[in-house]
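First the structure, in the form of structure tokens, and then the observations on it.
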Amino acid sequence: MKILVVGGGGREHAIIMKLAESPKVSKLYCAPGNGGIAKYAECYPVKATDIDGMLKLAKELEVDMVFVAPDDPLVAGMVDVMQEAGFRTFGPDKAAAIIEGSKVFSKNLMQKYNIPTAKYAVFEEPAKVLQYIEAENTYPTVIKADGLALGKGVVIAQNYDEAKAAVSEIMEDKIFGESGSQVVVEEFLTGPEVSVLCFTDGKTVKPMVSSMDHKRALDNDQGLNTGGMGTVAPNPYYTDDIAQECMNTIFMPTIRAMEAEGRTFKGCLYFGLMLTPNGPKVIEYNCRFGDPETQVVLPLLDTDFVDIIEAIEKNRLSDLDVKWKDGSAACVVMASGGYPKKYESGLVISGLDQKGQIENCFVYHAGTKTDENGQLVNAGGRVLGVTATAATLPEALKKAYDGVASINWKDMHYRKDIGQRALKALEK
Ligand code: AMP
Ligand code: GLY
């Protein structure tokens, strides 16, 4: 099989390295890819959101399958376009991807089908939102733009003034564009967060190993929100009992709800969960693999990835035993100096071998390119996800941090406490 993977971050690098292990894969392509992915797949400079360009590329390369990894092309319907042109695909169609594309849709879905989530209200007018927040008078309160907002569309307001400022930015200044025409105001929930990515063919759900993201830029969850500074898997808060409860109250009900709505979901459905004192609740759905969750989940996958993809295509996921390796994985993200704010790029990265790798780790490239001198340089905010697997979480963390210590470029930074909360949970 010749497969074209759409996207160009650490998640796509992890997907490609896993696909490369399959004897069924003869050739891997990626668009746009990046400097590290280019060492494993032929990369083409087509933007992930360019549906016409991607279709043209898929035809030129005569690929068998198009694997759409990022949210925006999924929500925009790239899978539908590829299927109409006769390509096999991985990823939900447009009708199903709305589960991530619209928070109003997903909240209404959960309410209609009794899936546990934070209490909420939907608004189209700024004045009405503020009236509601003032009347509720409970802080913190959570304000979310309806549509995709590069993972930044959530504001946790500590008081009325902060809420007012957020509403004005989202609904009047439209900092997230049309994503902000509607907002959801949500009850603030507390508890450990767990990411559970699930394979599904629309009827059967096969959860992957659970994971824990670290979204803030600095140690001890300080600093600005980022796309994710590191992950560990499995997530120790996610016990077998909780997993069973989530299957019964969240995963299956969601898949059945989507089917009942005529929006059968096929692909990877990501459940962002919070384990509240009142049980697990859905914080968000994503219609795709998470980033950087994928970087710790896929290295632990034991079953041939292509077998899973084909089982989903044929609606036969129930027949397949999806196996996971024992042990843990840890991913530490190395970011450009200044990220998530402004940063310098084009800086030479030292410590990597010819393949952009180091011993004992998987180095998933998120923002690198090869410059005119043939050297790998940083080309994004999050640059590398240094991942290791081992029998235990402490060992995986040690391997990953040893790897990080051997890589360098000017002003790079990373969190020193990835996995610390998980280790504390394990001690209990
Ligand atoms: P999202 O972009 O939906 O992943 O939200 C980003 C982060 O905001 C989540 O990972 C949570 O930490 C936090 N968050 C979102 N919704 C809530 C909520 N209702 N209560 C508490 N925290 C939340
Ligand atoms: N790590 C969160 C996400 O992929 O949206």
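Cβ under 11 Å from residue 266's Cβ, residue 266 left aside: what net charge do those residues give with Lys, Arg +1 and Asp, Glu -1?
Numbers: positive: 203, 263, 314; negative: 93, 201, 259, 313.
Local net charge: -1.
Under 5 Å from the amide H of residue 88 lie the amide H atoms of 66, each residue being 5 or more positions distant or on a separate chain, with H modelled from the backbone and absent for Pro and chain starts.
Between the residues 123, 75, 26, the greatest Cα displacement towards the positive end of the dipole of region 11-144, with unit charges on the Cβ of Lys, Arg, Asp and Glu, is found for 26.
In terms of distances greater than 23 angstrom between alpha carbons, the cross-link table entries 2/215; 24/314; 119/341; 144/266 yield 2/215; 119/341; 144/266.
Given a 1.4 Å probe and the protein chains as shown, residue 226 ends up with an accessible area of around 20 Å². When the alpha carbon coordinates of region 75-231 are projected onto the principal axes, the ranges are 52, 36, 30 Å, largest first.
The candidates 93, 353, arranged from most to least accessible area with a 1.4 Å probe in the full protein assembly, appear as 353, 93.
Going highest first, how would you order 190-197, 361-368 by mean Cβ packing within 10 Å?
Values: 190-197: 19.9, 361-368: 26.9.
The densest-packed peptide leads the list: 361-368, 190-197.
Surface composition of the chain: carbon and sulfur atoms hold 48% of the protein heavy-atom accessible area at a 1.4 Å probe.
What whole-number value in cubic angstrom gives the convex hull volume per residue for the C-alpha atoms of region 218-280? Mind dumping the intermediate values first?
Working: hull volume 9.3 nm³, N = 63.
In region 218-280, the Cα convex hull volume per residue is 148 Å³.
When you restrict to C-alpha pairs under 8 Å that are six or more residues apart and normalise by the size of the chain, the relative contact order lands at 16 percent. Excluding same-chain neighbours fewer than eight residues apart, the lysines reachable from residue 112 by a Cα-Cα span under 16 Å are 103, 281. Centre-to-centre separation between the Cα atoms of region 176-252 and those of region 312-332: 18 Å.
Considering region 352-415 at the alpha-carbon level, its Rg and Dmax are found to be 12.3, 41 Å.
In the chain, helices alone account for a calculated mean residue ellipticity at 222 nm of -8000 deg cm²/dmol, with every DSSP H run of four or more residues adding -39,500 (n - 2.57).
Remark: for residue pairs 27/203; 27/355; 18/416, the C-alpha separation exceeds 19 Å in 27/203; 18/416.
Each label point was placed 7 Å from the Cα along the Cα-to-Cβ direction; for residue 88 and residue 417 their separation is 4.6 nm.
Over region 141-190, all Cα pairs binned in 5 Å intervals from 0 give whole-percent P(r) values of 5, 25, 33, 25, 10, 2, listed from short to long. Ranking 397, 370, 381 by how far each Cα lies toward the positive end of the dipole of region 302-418 (charges on Cβ) leaves 381 at the top. Where Lys and Arg each count +1 and Asp and Glu each count -1, what net charge lies around residue 51 among other residues with Cβ under 12 Å from its Cβ? Residues near residue 51 contribute -2 overall. For region 292-402, relative contact order (Cα pairs under 8 Å, six or more residues apart, normalised by length) works out to 31 percent.
Residues 284, 293, 344, ordered by accessible area of protein heavy atoms at a 1.4 angstrom probe radius and largest first, appear as 344, 284, 293. By the Kirkwood approach, averaging reciprocal distances over each pair of separate Cα atoms, region 17-136 gets a hydrodynamic radius of 17.1 Å. Relative to the compact-globule estimate of 2.2 N^0.38 Å, the Cα radius of gyration of region 109-160 comes out at 1.23. In units of the compact-protein estimate 2.2 N^0.38 Å, region 132-218 shows a Cα radius of gyration of 1.33. Solvent exposure of the chain, expressed per residue, is 42 Å² of accessible area, with all protein chains present and a 1.4 angstrom probe. Here the convex hull built on the C-alpha positions of the chain has a volume of 141 cubic angstrom per residue.
Under Stokes-Einstein, with the Kirkwood radius over Cα pairs standing in for Rh, what whole-number D in µm²/s applies to region 212-350 at 37 °C and 0.692 mPa s?
Roughly 187 µm²/s, to the nearest whole number.
Placing +1 on the Cβ of every Lys and Arg and -1 on the Cβ of every Asp and Glu, with no other charges, gives the chain a dipole of roughly 380 debye about its Cα centre. Could you work out the local net charge near residue 113, counting Lys and Arg as +1, Asp and Glu as -1, over the other residues with Cβ closer than 15 Å to its Cβ? Once positives and negatives cancel, what remains is +3. Report the one residue of 95, 111, 222 whose Cα lies farthest in the direction of the positive end of the charge dipole of the chain (charges on C-beta: Lys and Arg +1, Asp and Glu -1; origin at the Cα centre). Final value for the positive-end residue is 222.
The values are calculated or read from the model by the stated rules, or taken from the named source; none is laboratory data. The shown structure was predicted, so the numbers you read here are calculated from the model rather than taken from an experiment. Methodologically, a virtual Cβ is constructed for each residue, glycine included, from the backbone with ideal geometry; neighbour enumeration extends over all protein chains shown. Accessible surface is based on the protein model in full, side chains and every heavy atom, while ligands, DNA and RNA are left aside. Shrake-Rupley method; radii C 1.70, N 1.55, O 1.52, S 1.80 Å.
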